[in-house]
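J.: I'd like to ask you about the structure that follows.
The values are calculated or read from the model by the stated rules, or taken from the named source; none is laboratory data. Everything numeric in this text was worked out from a predicted model, so none of it was measured. All Cβ positions, glycine included, derive from the backbone under ideal geometry; neighbour counts span all protein chains shown. Accessible surface areas use protein heavy atoms only, side chains included; no ligands, DNA or RNA. Shrake-Rupley method; radii C 1.70, N 1.55, O 1.52, S 1.80 Å.
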Amino acid sequence: MATIPSEETHKLSPPAATTPCIRLDLRTILYWYLHLFGFTLSSLLISWGLFFLFFLAIGGFSIDGMMHQLANMASRYVAADPARIASFKQVLACAQLLLAGAIIVLRRHLIIPRHVSEGNRSHG
């Protein structure tokens, strides 16, 4: 049996002017980029601070002890052959990546900025 098409099946899709489109302006893009830059920079500074805390802990939580340990490490670094220096750089880079990754995972809720309403309701 053949069916008779109703009016609903002949309706055309709405024109493009009435369909909502996502429009990003320059302010929104800059806001997101600044937020992501701030997140990345603060995560990097936190990881460097944890390295500082590590060396401070090795030195017995005193500046003199930390400087003594850093001087010991620096003298060994200068006396090392190129293969050992490359190995040390790889270990340091891997430690930095793992520490930064852990910090980013722990701060993942801050990657997307919170919605800030524009203006004040009483002022329009």
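J.: If you check L99 against the conditions, is it part of a helix (DSSP H, G or I), surrounded by 11 or more Cβ atoms within 10 Å (Cβ to Cβ) and at pLDDT 90 or above? Walk me through how you get there before you give the answer.
T.: Working: part of a helix (DSSP H, G or I): yes; surrounded by 11 or more Cβ atoms within 10 Å (Cβ to Cβ): yes; at pLDDT 90 or above: yes.
Yes.
J.: Could you grab me the full set of residues in segment 51-74 that are in contact with a helix residue (DSSP H, G or I) (Cβ under 6 Å, 6 or more places away or on another chain) and assigned to a helix (DSSP H, G or I)? Give the steps one after another, and end with the answer.
T.: Applying the first criterion (in contact with a helix residue (DSSP H, G or I) (Cβ under 6 Å, 6 or more places away or on another chain)) to segment 51-74 yields 55-56, 58-59, 66, 69.
Within segment 51-74, F55, L56, I58, M66, Q69 meet the criteria.
J.: Quick one: in segment 102-124, of everything that is open to solvent by less than 60 Å² (accessible area, probe 1.4 Å) and in a loop (DSSP other than H, G, I, E, B), which residue is modelled with the lowest pLDDT?
T.: The first filter runs over segment 102-124 and keeps only residues open to solvent by less than 60 Å² (accessible area, probe 1.4 Å), leaving 102-103, 107, 110-111, 113.
Within this subset, residues satisfying the condition of being in a loop (DSSP other than H, G, I, E, B) are 107, 111, 113.
On the way: R107: 92, I111: 83, P113: 78.
The extreme case among them is P113.
J.: Applying the selection to segment 23-82, what residues are of a type in the set (F, W, Y) and without any contact (Cβ under 8 Å) to a residue 12 or more places away in the chain?
T.: In the first step, residues of segment 23-82 are kept if they are of a type in the set (F, W, Y); the result is 31-33, 37, 39, 48, 51-52, 54-55, 61, 77.
Result: Y33, F37, W48, F52, F54, F61, Y77.
J.: Within segment 75-87, count every residue that is open to solvent by less than 80 Å² (accessible area, probe 1.4 Å) and in a helix (DSSP H, G or I).
T.: Total meeting the criteria: 5.
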